[in-house]
1. With a cut-off of 8 Å between alpha carbons and a minimum separation of six or more residues, what is the relative contact order of the chain in percent?
2. How large is Rg over Rh for segment 262-390, taking Rg from the Cα atoms and Rh as the Kirkwood inverse mean of 1/r across Cα pairs?
3. What is the calculated FRET efficiency for residue 115 to residue 403, with r their C-beta to C-beta distance and R₀ = 56 Å, to the nearest 0.05?
4. So what are the three principal axis dimensions of segment 126-257 from its Cα atoms, in whole Å, longest to shortest?
5. What's the center-to-center distance, using Cα atoms, between segment 11-63 and segment 133-206 in Å?
6. Given points 7 Å out from each Cα along the Cα-Cβ axis, report the residue 122 to residue 162 separation in nanometres with one decimal.
7. Could you tell me what percent of the DSSP beta bridges with both partners in the chain are antiparallel, to the nearest 5?
8. What shape does segment 104-152 have by the C-alpha gyration tensor, where a ≥ b ≥ c are the square roots of the eigenvalues, rounded means a/c under 1.5, and otherwise prolate means a/b greater than b/c and oblate the rest?
Ligand code: ZN
C-alpha cells in the first residue's frame with residue numbers, strides 16, 4: 001500500500017487551493033527572466049549566482065563539494081570560470097562574442113589565445129546546418145578542449161584568412177555547488193523535487209524548472225503538510241550523483257519524487273514513469289495529466305533523460321519520475337538559442353505549476369475512507385447534501401462523486417482508486433469525501 005493512504009486524521013485539505021494563486025504565471029516568468037542571462041555550467045560562479053537569486057525566495061542550504069572528491073564512480077571536476085571569449089577577423093572586428101550570447105562558448109572550454117587560419121578554426125566551430133539561424137548549445141565536460149558555437153549563416157559568411165581566438169577561462173581546483181531546501185511536514189517521509197542548474201541561457205530547458213521549484217518551495221514553506229518536501233537544485237548528472245553520495249543513508253525516506261524540466265512551453269504534458277513503473281507517483285501523475293490535458297504523453301521508464309537516471313539507478317531505484325511539457329529532444333528549439341524567453345509563456349508555466357499542485361494535493365489527501373452507513377444508500381437530500389450542490393454548475397459531477405465515494409468506501413479503495421474508477425478528478429472526489437465526513441457518513 002503506498003504510504004499516505006492509510007493514515008487517519010485530518011487530511012491536508014486545501015493544499016491545492018492554498019497553492020493556487022492568481023498571477024503565478026507572471027511571477028514564474030519574471031523569475032525565469034531573471035535567471036536566463038546567467039552563464040551556468042556544472043560548476044562555477046554562474047551556478048552560485050543562480051543559487052543566490054533562488055535564495056531570495058527560499059532559504060536554500062548551499063553545499064560546496066571540493067574538486068577531486070570521489071562520488072561513486074565519478075570525480076568532482078575542476079571548477080570552470082568563464083570571463084569572456086571572442087573571435088576576431090583580420091580587420092580586428094569581433095565576429096563572435098560571448099558577451100552577445102553565452103551559448104557562443106562550448107561549456108568547459110579551456111583557456112586559449114591563438115591566431116588560426118579559417119580551416120583550422122573550423123575544427124573548433126559548431127553550427128546547425130539544418131537550423132542555420134540558431135546557435136547550438138554544446139558542452140565539453142571531462143575533456144580538455146575549447147570551441148565556439150554560432151549560427152550556420154555566421155559561419156558561411158566568414159571569409160578565408162587568419163582569426164584571433166580568445167577564451168578567457170580557467171579550470172582550477174574549486175567546488176561543485178548545489179542548493180537544497182527541506183520543508184518539514186508532520187512526517188519524515190519526503191517528496192523530492194529536483195531540477196538541474198547547469199544550462200546557460202536556455203529558458204525552457206533550465207530556467208522554467210528552477211523558477212517553478214523555487215516559487216513552489218516558497219509557497220509550500222508557509223503551509224502545514226503531512227509529507228516533508230525536499231527541493232534540490234543541482235548540476236545535471238554530477239550534482240545528483242554528489243547529492244546521492246552524501247545522502248545515501250537517508251534516501252529511504254523518499255516516498256515520491258519528480259525531476260522537472262521544460263515546464264514553460266505549450267507542449268505535452270509528458271510524464272515518464274519511475275523505474276518501478278507502479279509507484280504512487282506514477283499513478284498520481286498519470287491521473288493528474290489525464291485530467292489536465294487532451295492528449296498527455298505517459299511514458300514507461302527509460303535510462304535516458306535527466307537526473308531520474310541517477311535516482312532510478314538500480315542501487316537506489318527510487319520512486320522518481322520525470323515531468324515535462326514538451327519532451328526533451330523532440331522540439332526544434334531544444335538545446336538551441338531558440339529556447340529563449342519568447343519560447344516560454346506565463347500561462348504554460350502556470351499550468352505546469354497547477355499540475356504539480358494537483359499532484360501534491362493527491363499525496364497529501366489520499367486515504368482509505370470508510371462508509372459509516374453502508375446498508376443501502378443514505379438519504380442525501382435529508383442532510384442537505386443535494387441542496388448543498390443545487391445550482392452549482394458542477395452539481396451533477398459532485399453528486400456522482402458522493403455516490404461513487406459512498407459505494408466504494410469499503411476500506412479497500414483509496415480516494416485515488418475511487419477517482420480513477422469514477423473517471424473524476426481527484427479533487428472532486430476528495431472534496432465530496434470531506435463533505436460526507438462532515439455529515440458523519442464517512443470515516
Ligand atoms: Zn538540456
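Every number in this text was worked out from the coordinates using simple rules, so none of it is lab data. Quick caveat, the model's predicted, so the values are computed rather than measured. Counting neighbours? That spans all protein chains shown, and the Cβs are built from the backbone with ideal geometry, glycine included.
1. Taking the mean separation of contacting Cα pairs over the length of the chain, I get 19 percent.
2. Result: Rg/Rh = 1.13.
3. Here the calculated transfer efficiency is 0.10.
4. Largest to smallest, the principal-axis extents are 68, 32, 22 Å.
5. Using only Cα atoms to place each centre, the spacing works out to 18 Å.
6. 2.0 nm
7. Of the beta bridges lying entirely in the chain, close to 65 percent run antiparallel.
8. Taking the square roots of the gyration eigenvalues as a ≥ b ≥ c, segment 104-152 is oblate.
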